[in-house]
Amino acid sequence: ENTLHAAAQQSGRYFGTAIAAQKLGDSTYTSIANREFGMITAENEMKIDALQPNQGQFNFSNGDRVYNWAVQNGKRVRGHTLAWHSQQPEWMRNLRGSSLRQAMINHINGVMAHYKGKIYAWDVVNEAFADGNSGGRRDSNLQQTGNDWIEVAFRTARAADPAAKLCYNDYNIDNWNWAKTQAVYNMVRDFKQRGVPIDCVGLQSHFNSNSPYNSNYRTTIQSFAALGVDVQITELDIQGGSATTYANVVNDCLAVSRCTGITVWGVRDSDSWLGASATALLFDGNGNKKAAYNSVLNALNSA
Ligand code: G3I
(Lines give C-alpha, C1' and ligand atoms only; values in the text may rest on other atoms or scores of the structure.)
Protein backbone atom coordinates (compact mmCIF):
# COMPACT_ATOMS: atom_id res chain seq x y z
CA GLU A 1 0.00 0.00 0.00
CA ASN A 2 1.19 3.53 -0.58
CA THR A 3 -0.55 5.53 2.13
CA LEU A 4 -0.19 5.22 5.89
CA HIS A 5 -3.77 4.31 6.77
CA ALA A 6 -4.14 1.80 3.93
CA ALA A 7 -0.89 0.19 5.03
CA ALA A 8 -2.02 0.05 8.66
CA GLN A 9 -5.36 -1.45 7.65
CA GLN A 10 -3.60 -4.52 6.28
CA SER A 11 -3.23 -5.66 9.88
CA GLY A 12 -6.59 -4.26 11.03
CA ARG A 13 -5.08 -1.12 12.52
CA TYR A 14 -5.61 2.55 11.85
CA PHE A 15 -3.18 5.38 11.25
CA GLY A 16 -4.33 8.83 12.32
CA THR A 17 -3.39 12.42 12.90
CA ALA A 18 -4.40 15.43 14.96
CA ILE A 19 -6.29 18.06 12.96
CA ALA A 20 -6.70 21.75 13.76
CA ALA A 21 -9.96 23.36 12.63
CA GLN A 22 -8.28 26.62 11.66
CA LYS A 23 -6.16 24.77 9.08
CA LEU A 24 -9.04 23.12 7.23
CA GLY A 25 -8.84 25.91 4.61
CA ASP A 26 -5.23 25.00 3.78
CA SER A 27 -5.44 22.68 0.78
CA THR A 28 -1.91 21.32 1.14
CA TYR A 29 -2.77 20.34 4.70
CA THR A 30 -6.16 18.82 3.94
CA SER A 31 -4.97 16.92 0.88
CA ILE A 32 -2.19 15.21 2.84
CA ALA A 33 -4.48 14.56 5.78
CA ASN A 34 -7.23 13.18 3.58
CA ARG A 35 -4.86 10.96 1.62
CA GLU A 36 -2.80 9.47 4.41
CA PHE A 37 -4.90 9.17 7.58
CA GLY A 38 -7.99 7.25 8.64
CA MET A 39 -8.45 8.36 12.25
CA ILE A 40 -8.77 11.99 13.32
CA THR A 41 -8.25 13.62 16.70
CA ALA A 42 -9.17 17.29 17.17
CA GLU A 43 -5.96 18.92 18.39
CA ASN A 44 -7.80 21.40 20.65
CA GLU A 45 -11.43 21.65 19.53
CA MET A 46 -12.96 18.95 21.75
CA LYS A 47 -11.22 20.05 24.94
CA ILE A 48 -13.20 21.36 27.87
CA ASP A 49 -12.49 25.07 27.29
CA ALA A 50 -13.53 24.73 23.65
CA LEU A 51 -16.75 22.82 24.25
CA GLN A 52 -18.09 24.48 27.43
CA PRO A 53 -16.71 28.04 27.52
CA ASN A 54 -19.42 29.10 29.95
CA GLN A 55 -20.87 26.79 32.54
CA GLY A 56 -23.91 25.01 31.17
CA GLN A 57 -23.45 26.48 27.66
CA PHE A 58 -21.92 24.07 25.21
CA ASN A 59 -20.37 25.25 21.93
CA PHE A 60 -19.74 22.44 19.48
CA SER A 61 -18.99 24.58 16.43
CA ASN A 62 -15.25 23.94 16.10
CA GLY A 63 -15.47 20.39 17.39
CA ASP A 64 -18.10 19.72 14.76
CA ARG A 65 -15.97 21.30 12.03
CA VAL A 66 -13.24 18.75 12.72
CA TYR A 67 -15.74 15.93 13.21
CA ASN A 68 -17.62 16.72 9.98
CA TRP A 69 -14.46 17.07 7.93
CA ALA A 70 -13.35 13.66 9.17
CA VAL A 71 -16.61 11.84 8.60
CA GLN A 72 -17.29 13.47 5.23
CA ASN A 73 -13.92 12.10 4.17
CA GLY A 74 -14.64 8.61 5.45
CA LYS A 75 -12.56 8.77 8.61
CA ARG A 76 -13.25 7.83 12.20
CA VAL A 77 -12.74 10.14 15.17
CA ARG A 78 -11.03 9.82 18.53
CA GLY A 79 -12.45 12.17 21.15
CA HIS A 80 -9.94 14.25 23.12
CA THR A 81 -10.53 14.87 26.03
CA LEU A 82 -13.31 14.87 28.66
CA ALA A 83 -11.57 15.33 32.03
CA TRP A 84 -8.19 17.07 32.31
CA HIS A 85 -6.46 19.47 34.67
CA SER A 86 -5.39 21.66 31.72
CA GLN A 87 -7.39 23.70 29.20
CA GLN A 88 -10.21 24.05 31.66
CA PRO A 89 -12.35 27.13 31.07
CA GLU A 90 -11.99 29.86 33.67
CA TRP A 91 -15.24 28.96 35.42
CA MET A 92 -14.08 25.36 35.90
CA ARG A 93 -10.61 26.34 37.08
CA ASN A 94 -12.27 28.23 39.89
CA LEU A 95 -14.47 25.35 41.03
CA ARG A 96 -13.59 23.00 43.87
CA GLY A 97 -15.14 20.07 45.71
CA SER A 98 -18.59 18.72 44.98
CA SER A 99 -19.49 21.51 42.54
CA LEU A 100 -16.41 20.67 40.44
CA ARG A 101 -17.17 16.95 40.64
CA GLN A 102 -20.72 17.60 39.42
CA ALA A 103 -19.42 19.92 36.68
CA MET A 104 -17.09 17.17 35.45
CA ILE A 105 -20.01 14.72 35.32
CA ASN A 106 -22.22 17.26 33.54
CA HIS A 107 -19.47 17.97 31.03
CA ILE A 108 -18.98 14.29 30.21
CA ASN A 109 -22.72 13.81 29.84
CA GLY A 110 -23.20 16.91 27.68
CA VAL A 111 -20.35 16.19 25.30
CA MET A 112 -20.96 12.47 25.00
CA ALA A 113 -24.67 13.05 24.33
CA HIS A 114 -23.81 15.38 21.45
CA TYR A 115 -21.43 12.85 19.91
CA LYS A 116 -23.30 9.72 20.99
CA GLY A 117 -22.53 6.75 18.76
CA LYS A 118 -20.14 8.82 16.64
CA ILE A 119 -16.79 8.53 18.40
CA TYR A 120 -14.51 5.51 18.10
CA ALA A 121 -12.74 6.12 21.40
CA TRP A 122 -12.75 8.89 23.99
CA ASP A 123 -9.78 9.98 26.04
CA VAL A 124 -12.00 10.08 29.11
CA VAL A 125 -9.24 11.16 31.48
CA ASN A 126 -6.01 12.80 30.37
CA GLU A 127 -2.70 13.21 32.23
CA ALA A 128 -3.89 12.48 35.76
CA PHE A 129 -0.59 11.17 37.09
CA ALA A 130 2.38 13.12 38.43
CA ASP A 131 5.69 13.42 36.64
CA GLY A 132 8.83 12.19 38.38
CA ASN A 133 9.28 9.28 40.71
CA SER A 134 6.39 9.66 43.14
CA GLY A 135 4.10 7.23 41.34
CA GLY A 136 1.25 9.37 42.60
CA ARG A 137 -1.56 11.36 41.15
CA ARG A 138 -1.02 14.83 39.76
CA ASP A 139 -2.23 17.49 42.17
CA SER A 140 -5.13 19.28 40.49
CA ASN A 141 -8.55 20.63 41.30
CA LEU A 142 -10.02 17.40 39.95
CA GLN A 143 -7.75 15.24 42.11
CA GLN A 144 -8.72 17.32 45.14
CA THR A 145 -12.35 16.29 44.65
CA GLY A 146 -11.34 12.80 45.79
CA ASN A 147 -9.20 9.96 44.52
CA ASP A 148 -12.23 8.29 42.94
CA TRP A 149 -12.67 11.06 40.35
CA ILE A 150 -11.10 8.97 37.59
CA GLU A 151 -13.36 5.99 38.06
CA VAL A 152 -16.40 8.26 38.37
CA ALA A 153 -15.43 9.80 35.02
CA PHE A 154 -15.20 6.35 33.40
CA ARG A 155 -18.50 5.10 34.86
CA THR A 156 -20.23 8.30 33.73
CA ALA A 157 -18.74 7.93 30.26
CA ARG A 158 -19.83 4.31 29.86
CA ALA A 159 -23.40 5.18 30.75
CA ALA A 160 -23.40 8.22 28.45
CA ASP A 161 -22.21 6.40 25.30
CA PRO A 162 -21.86 2.63 25.60
CA ALA A 163 -20.59 2.44 21.99
CA ALA A 164 -17.42 4.45 22.56
CA LYS A 165 -14.21 2.85 23.71
CA LEU A 166 -13.05 4.54 26.90
CA CYS A 167 -9.36 5.34 27.22
CA TYR A 168 -6.99 6.64 29.85
CA ASN A 169 -4.39 8.81 28.05
CA ASP A 170 -1.02 10.11 29.31
CA TYR A 171 2.54 11.05 28.39
CA ASN A 172 5.76 9.63 29.86
CA ILE A 173 4.12 6.27 30.40
CA ASP A 174 6.06 4.78 27.49
CA ASN A 175 9.14 3.66 29.40
CA TRP A 176 8.28 0.53 31.36
CA ASN A 177 10.84 1.36 34.06
CA TRP A 178 9.35 4.71 34.97
CA ALA A 179 7.31 5.13 38.15
CA LYS A 180 4.59 6.98 36.24
CA THR A 181 4.14 4.03 33.88
CA GLN A 182 3.87 1.62 36.79
CA ALA A 183 1.37 3.88 38.54
CA VAL A 184 -0.93 3.98 35.51
CA TYR A 185 -0.48 0.23 35.02
CA ASN A 186 -1.54 -0.39 38.63
CA MET A 187 -4.61 1.82 38.21
CA VAL A 188 -5.70 0.00 35.05
CA ARG A 189 -5.15 -3.38 36.70
CA ASP A 190 -7.23 -2.25 39.67
CA PHE A 191 -9.99 -0.96 37.37
CA LYS A 192 -10.11 -4.26 35.49
CA GLN A 193 -10.20 -6.22 38.75
CA ARG A 194 -13.02 -4.13 40.18
CA GLY A 195 -15.04 -3.84 36.98
CA VAL A 196 -14.54 -0.11 36.45
CA PRO A 197 -15.22 0.34 32.72
CA ILE A 198 -12.02 0.98 30.78
CA ASP A 199 -11.25 -0.26 27.27
CA CYS A 200 -7.95 1.28 26.29
CA VAL A 201 -4.80 3.05 27.32
CA GLY A 202 -3.43 5.86 25.20
CA LEU A 203 0.33 6.15 25.13
CA GLN A 204 0.81 9.73 23.93
CA SER A 205 4.42 8.98 22.97
CA HIS A 206 5.93 12.44 22.75
CA PHE A 207 9.59 11.42 22.46
CA ASN A 208 12.41 13.90 23.05
CA SER A 209 15.80 14.01 24.73
CA ASN A 210 14.28 14.10 28.22
CA SER A 211 11.90 11.24 27.52
CA PRO A 212 13.53 9.31 24.71
CA TYR A 213 12.19 6.21 23.04
CA ASN A 214 13.40 3.14 24.92
CA SER A 215 13.34 -0.40 23.55
CA ASN A 216 11.25 -1.46 26.55
CA TYR A 217 8.33 0.38 24.89
CA ARG A 218 7.22 -2.98 23.49
CA THR A 219 7.12 -4.38 27.03
CA THR A 220 4.95 -1.44 28.07
CA ILE A 221 2.50 -2.08 25.23
CA GLN A 222 2.45 -5.82 25.91
CA SER A 223 1.96 -5.33 29.64
CA PHE A 224 -1.02 -3.01 29.30
CA ALA A 225 -2.54 -5.26 26.64
CA ALA A 226 -2.18 -8.25 28.95
CA LEU A 227 -4.50 -6.50 31.40
CA GLY A 228 -7.27 -6.82 28.81
CA VAL A 229 -7.28 -3.32 27.33
CA ASP A 230 -6.43 -2.06 23.87
CA VAL A 231 -3.38 0.15 23.54
CA GLN A 232 -3.37 3.10 21.16
CA ILE A 233 -0.43 5.35 20.35
CA THR A 234 -2.31 8.61 20.53
CA GLU A 235 0.00 11.63 20.05
CA LEU A 236 3.19 10.36 18.47
CA ASP A 237 5.97 12.79 17.65
CA ILE A 238 9.72 12.36 17.84
CA GLN A 239 11.93 15.38 18.29
CA GLY A 240 14.48 15.32 15.47
CA GLY A 241 12.29 12.97 13.46
CA SER A 242 14.58 9.91 13.51
CA ALA A 243 13.41 7.47 10.84
CA THR A 244 14.83 4.58 12.84
CA THR A 245 12.96 5.55 15.97
CA TYR A 246 9.73 5.96 14.03
CA ALA A 247 10.17 2.45 12.64
CA ASN A 248 10.87 1.08 16.11
CA VAL A 249 7.67 2.61 17.47
CA VAL A 250 5.59 1.21 14.63
CA ASN A 251 7.18 -2.23 14.91
CA ASP A 252 6.54 -2.31 18.66
CA CYS A 253 2.85 -1.62 18.06
CA LEU A 254 2.66 -4.19 15.27
CA ALA A 255 4.16 -6.79 17.60
CA VAL A 256 1.15 -6.65 19.94
CA SER A 257 -2.25 -7.58 18.54
CA ARG A 258 -4.06 -5.33 21.00
CA CYS A 259 -2.09 -2.30 19.86
CA THR A 260 -4.87 -1.16 17.56
CA GLY A 261 -3.66 2.09 16.03
CA ILE A 262 -1.20 4.94 15.82
CA THR A 263 -1.91 8.66 15.68
CA VAL A 264 0.77 11.27 14.96
CA TRP A 265 0.29 14.66 16.62
CA GLY A 266 0.02 16.80 13.50
CA VAL A 267 0.56 16.60 9.75
CA ARG A 268 3.65 18.65 8.79
CA ASP A 269 6.58 19.77 10.92
CA SER A 270 5.15 23.27 10.71
CA ASP A 271 1.89 22.05 12.27
CA SER A 272 3.57 20.59 15.36
CA TRP A 273 2.96 22.05 18.82
CA LEU A 274 6.75 21.72 19.20
CA GLY A 275 7.39 24.15 16.34
CA ALA A 276 8.79 23.43 12.89
CA SER A 277 12.38 23.39 14.13
CA ALA A 278 11.70 20.23 16.15
CA THR A 279 11.21 18.38 12.82
CA ALA A 280 9.12 15.90 14.80
CA LEU A 281 6.55 14.73 12.24
CA LEU A 282 6.35 12.79 8.96
CA PHE A 283 5.99 15.63 6.42
CA ASP A 284 8.15 18.73 6.08
CA GLY A 285 6.79 22.24 6.04
CA ASN A 286 6.20 22.04 2.29
CA GLY A 287 4.20 18.86 2.64
CA ASN A 288 6.94 16.60 1.30
CA LYS A 289 7.36 13.10 2.68
CA LYS A 290 10.36 12.80 5.01
CA ALA A 291 12.62 9.81 5.55
CA ALA A 292 10.58 9.09 8.67
CA TYR A 293 7.45 8.80 6.50
CA ASN A 294 9.07 6.15 4.30
CA SER A 295 10.28 4.24 7.28
CA VAL A 296 6.82 4.20 8.88
CA LEU A 297 5.19 3.14 5.61
CA ASN A 298 7.73 0.35 5.10
CA ALA A 299 7.23 -0.93 8.64
CA LEU A 300 3.44 -0.96 8.19
CA ASN A 301 3.77 -2.76 4.87
CA SER A 302 6.05 -5.44 6.30
CA ALA A 303 3.63 -6.43 9.05
O1 G3I B 1 -6.34 29.82 19.44
C2 G3I B 1 -5.59 30.72 20.25
C3 G3I B 1 -5.37 32.01 19.54
O4 G3I B 1 -6.61 32.62 19.32
C5 G3I B 1 -4.45 32.89 20.40
O6 G3I B 1 -4.17 34.07 19.71
C7 G3I B 1 -3.15 32.17 20.71
C8 G3I B 1 -2.24 32.96 21.61
O9 G3I B 1 -1.57 32.16 22.53
O10 G3I B 1 -3.46 30.96 21.36
C11 G3I B 1 -4.25 30.08 20.58
O12 G3I B 1 -4.52 28.93 21.33
C13 G3I B 1 -3.45 28.02 21.47
C14 G3I B 1 -3.90 26.67 20.93
O15 G3I B 1 -2.90 25.71 21.16
C16 G3I B 1 -4.20 26.70 19.44
O17 G3I B 1 -3.06 26.96 18.71
C18 G3I B 1 -3.11 27.90 22.93
O19 G3I B 1 -2.54 29.13 23.39
C20 G3I B 1 -2.12 26.79 23.14
O21 G3I B 1 -1.95 26.59 24.55
C22 G3I B 1 -2.64 25.52 22.53
O23 G3I B 1 -1.66 24.52 22.69
C24 G3I B 1 -2.13 23.19 22.62
C25 G3I B 1 -1.77 22.44 23.89
O26 G3I B 1 -2.16 21.09 23.77
C27 G3I B 1 -2.45 23.06 25.09
O28 G3I B 1 -2.34 22.25 26.23
C29 G3I B 1 -1.49 22.52 21.41
O30 G3I B 1 -1.99 23.12 20.21
C31 G3I B 1 -1.81 21.04 21.41
O32 G3I B 1 -1.04 20.40 20.41
C33 G3I B 1 -1.46 20.44 22.75
O34 G3I B 1 -1.81 19.06 22.74
C35 G3I B 1 -1.51 18.33 23.92
C36 G3I B 1 -2.61 17.29 24.10
O37 G3I B 1 -3.87 17.90 24.10
C38 G3I B 1 -2.38 16.48 25.37
N39 G3I B 1 -1.05 15.90 25.42
C40 G3I B 1 0.06 16.85 25.17
C41 G3I B 1 -0.16 17.59 23.87
C42 G3I B 1 1.02 18.51 23.55
O43 G3I B 1 1.13 19.51 24.52
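The values are calculated or read from the model by the stated rules, or taken from the named source; none is laboratory data. Quick caveat: nothing in here was measured; it's all calculated off a predicted structure. Glycine also receives a Cβ, built like all others from the backbone with ideal geometry; neighbour counts cover every protein chain displayed. We work out accessible area using only protein heavy atoms, side chains counted, and drop any ligands, DNA or RNA first. Shrake-Rupley method; radii C 1.70, N 1.55, O 1.52, S 1.80 Å.
If you take the beta carbon distance between residue 93 and residue 214 as r and set R0 to 30 Å, what does 1/(1 + (r/R0)^6) give as a FRET efficiency, to the nearest 0.05?
Result of the calculation: an efficiency of 0.30.
To make sure I understand the rule: partners must be aspartates and glutamates, Cα under 16 Å from the Cα of residue 116, and not fewer than 8 residues away in the same chain. Which ones qualify?
Cross-link targets: 64, 161.
Near residue 241, within a Cβ-to-Cβ distance under 13 Å, what is the net charge of the other residues, with Lys and Arg +1 and Asp and Glu -1?
My count for the surroundings of residue 241 gives 0.
Could you please state how large a percent of the accessible area of the chain is carbon and sulfur, counting protein chains only and using a 1.4 Å probe?
42
Give the residues of region 40-61 whose amide nitrogen is closer than 18 Å to a point set 7 Å from the Cα of residue 116 in the direction of its Cβ.
Only 58-60 fall inside the zone, counting backbone N under 18 Å.
Could you do me a favour and compute the accessible area per residue for the chain, 1.4 Å probe, result in Å²?
That works out to 37 Å² for each residue.
In the neighborhood of residue 53, defined by Cβ-to-Cβ distances under 14 Å, what is the net charge if each Lys or Arg adds +1 and each Asp or Glu adds -1?
Residues near residue 53 contribute -1 overall.
Once every DSSP H run of n ≥ 4 in the chain is given -39500 (n - 2.57) and the sum is divided by its residues, what mean residue ellipticity at 222 nm do you get, rounded to the nearest 500 deg cm²/dmol?
Computed ellipticity for the chain at 222 nm equals -11500 deg cm²/dmol.
In nm, to one decimal, how far is the residue 72 label point from the residue 2 one, both placed 7 Å along Cα→Cβ?
Distance between the two pseudo-spin positions: 2.7 nm.
Where does helix 179-194 land angle-wise versus the long Cα axis of the chain, in degrees 0 to 90, nearest 10?
60
If the chain were replaced by its equivalent ellipsoid, with semi-axes equal to the square roots of 5 times the Cα gyration tensor eigenvalues, what would those be, largest first, whole Å?
Result for the chain: semi-axes of 29, 23, 17 Å.
Can you check what the net charge comes to around residue 260, using other residues whose Cβ is under 13 Å from the Cβ of residue 260 (Lys, Arg +1; Asp, Glu -1)?
+3
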